[in-house]
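Enquirer: There's a structure below that I have some questions on.
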Amino acid sequence: MIAFVRGQVAALTLTSAVVEVGGVGLELMCTPGTLAQLRTGATATLPTSMIVREDSLTLYGFADEEEKTIFELVQTASGVGPKLAQAIVAVLSPDGVRSAIASDDVRTLTKVPGIGQKGAQRIILELKDRIGVAAGTSTPGSVADQAWRDQVHQGLVGLGYNAKDAEKAVDAVAGEAGSAPDVRALLRAALRSLSKA
């Protein structure tokens, strides 16, 4: 199967990116957070997961390997297909998914469109033993920095702001992040900066 794709970004839509690889344009279905990191004409490397159906071959592209791992893992729960798995990685960070499942946090999982109370309970029940939460592990600065940036950016896009404005707002509040970023506080600050603009 296709593990990753590297090439020039030929086009971006609201839900996908077309990456040119050896003269062939491959369409990758991506989350808004992943699409926001891509620029038309720039070279990108995206881990991918290929979903094979009787009537289609669909490539899903991800910001990093961790996102891809969570995407593939949540699909092993009954009732979770690729579209719902993509919604999960769009709304929650990989660590957010892990901690929600590990701590029986139904409320966090129901923030994902398409997951109700029963669906969240089923996902927790089926994946709890396989999710592998690394307790007490410290994340390197750049990873933690990228995580809060992605979460705030996705939150703003989810609220209807365009990717460019969301990016500016994230940059505007970056100075307030500190060593232990509070995503909620940063999202509120980003919203304030957008309302002033």
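Enquirer: Looking at V97, V112, V91 in this structure, which one is in contact (Cβ under 8 Å) with a residue 60 or more places away in the chain, within 13 Å of the chain's Cα centre (by Cα) and either more than 17 Å from D150 (Cα to Cα) or buried (at least 19 other Cβ atoms within 10 Å of the Cβ) (or both)?
Expert: Values: V97 fails: in contact (Cβ under 8 Å) with a residue 60 or more places away in the chain; V112 fails: in contact (Cβ under 8 Å) with a residue 60 or more places away in the chain.
After ruling out the rest, the residue left standing is V91.
Enquirer: Pull up region 156-188, narrow it to residues that are without any contact (Cβ under 8 Å) to a residue 12 or more places away in the chain and within 20 Å of A90 (Cβ to Cβ), then point me to the one that is least open to solvent (accessible area, probe 1.4 Å).
Expert: Once the filter is applied, the top-ranked residue is G160.
Enquirer: Here's a follow-up. Could you tell me which of the residues D145, D171 is modelled with pLDDT of 85 or more and acidic (D, E)?
Expert: Working: D145 fails: modelled with pLDDT of 85 or more.
Every option except D171 fails the conditions.
Enquirer: Scan region 61-80 and tell me whether some residue there is under 19 Å from the mean Cα position of the chain (by Cα), in a strand (DSSP E or B) and surrounded by 16 or more Cβ atoms within 10 Å (Cβ to Cβ). Reasoning before the result, please.
Expert: Residues of region 61-80 that are under 19 Å from the mean Cα position of the chain (by Cα), as a first pass: 61-77, 80.
Narrowing further to those that are in a strand (DSSP E or B): 61.
From what's left, surrounded by 16 or more Cβ atoms within 10 Å (Cβ to Cβ): 61.
Yes, region 61-80 contains at least one residue that is under 19 Å from the mean Cα position of the chain (by Cα), in a strand (DSSP E or B) and surrounded by 16 or more Cβ atoms within 10 Å (Cβ to Cβ).
Enquirer: Give me the residue from region 39-60 that is open to solvent by 60 Å² or more (accessible area, probe 1.4 Å) and touching a residue at least 12 places away in the same chain (Cβ under 8 Å) and, out of that set, nearest to A163 (Cα to Cα).
Expert: Residues of region 39-60 that are open to solvent by 60 Å² or more (accessible area, probe 1.4 Å), as a first pass: 39-40, 43, 45, 52-55, 57.
Restricting the remaining residues to those that are touching a residue at least 12 places away in the same chain (Cβ under 8 Å) gives 39-40, 43, 45.
Working: R39: 12, T40: 14, T43: 19, T45: 20 Å.
Applying the filter and picking the extreme gives R39.
Enquirer: From the set of residues in region 10-28 that are among the β-branched types (V, I, T) and open to solvent by 50 Å² or more (accessible area, probe 1.4 Å), which is farthest from the chain's Cα centre (by Cα)? Steps first, please.
Expert: Within region 10-28, the first condition is being among the β-branched types (V, I, T), and the residues that meet it are 13, 15, 18-19, 21, 24.
Filter again for open to solvent by 50 Å² or more (accessible area, probe 1.4 Å), leaving 13, 15, 21, 24.
Details: T13: 16, T15: 12, V21: 23, V24: 26 Å.
My answer is V24.
Enquirer: Please state which of the following conditions V9 fails to meet, knowing it meets all the rest: (1) modelled with pLDDT of 95 or more; (2) within 22 Å of V52 (Cα to Cα).
Expert: (2)
Enquirer: Determine, yes or no, whether R122 is part of a helix (DSSP H, G or I), open to solvent by 80 Å² or more (accessible area, probe 1.4 Å) and either modelled with pLDDT of 90 or more or within 30 Å of G178 (Cα to Cα) (or both).
Expert: Working: part of a helix (DSSP H, G or I): yes; open to solvent by 80 Å² or more (accessible area, probe 1.4 Å): yes; either modelled with pLDDT of 90 or more or within 30 Å of G178 (Cα to Cα) (or both): yes.
It is true that R122 is part of a helix (DSSP H, G or I), open to solvent by 80 Å² or more (accessible area, probe 1.4 Å) and either modelled with pLDDT of 90 or more or within 30 Å of G178 (Cα to Cα) (or both).
Enquirer: If a residue has to be touching a helix residue (DSSP H, G or I) at 6+ places or on another chain (Cβ under 6 Å) and within 20 Å of E72 (Cα to Cα) to count, how many in region 18-48 make the cut? Before the answer, list the steps.
Expert: Step one: list which residues in region 18-48 are touching a helix residue (DSSP H, G or I) at 6+ places or on another chain (Cβ under 6 Å), which gives 31-33, 36, 47.
Next, only the ones that are within 20 Å of E72 (Cα to Cα) stay: 31-33, 47.
Here the count works out to 4.
Enquirer: If R6 satisfies every condition in (1) surrounded by fewer than 18 Cβ atoms within 10 Å (Cβ to Cβ); (2) outside any strand (DSSP E or B) but one, which is the exception?
Expert: (2)
Enquirer: Would you be able to say whether some residue in region 29-38 is touching a residue at least 12 places away in the same chain (Cβ under 8 Å) and in a strand (DSSP E or B)? Step through it out loud before you land on a result.
Expert: Of region 29-38, the ones touching a residue at least 12 places away in the same chain (Cβ under 8 Å) are 29-38.
With in a strand (DSSP E or B) added as a condition, the list becomes 29.
The answer is yes; a qualifying residue exists.
The values are calculated or read from the model by the stated rules, or taken from the named source; none is laboratory data. Quick caveat, the model's predicted, so the values are computed rather than measured. With ideal geometry, Cβ positions are generated from the backbone for all residues, glycine too; neighbour counts draw on all protein chains shown. All accessible areas refer to the heavy atoms of the entire protein, side chains included, with ligands and DNA or RNA removed. Shrake-Rupley method; radii C 1.70, N 1.55, O 1.52, S 1.80 Å.
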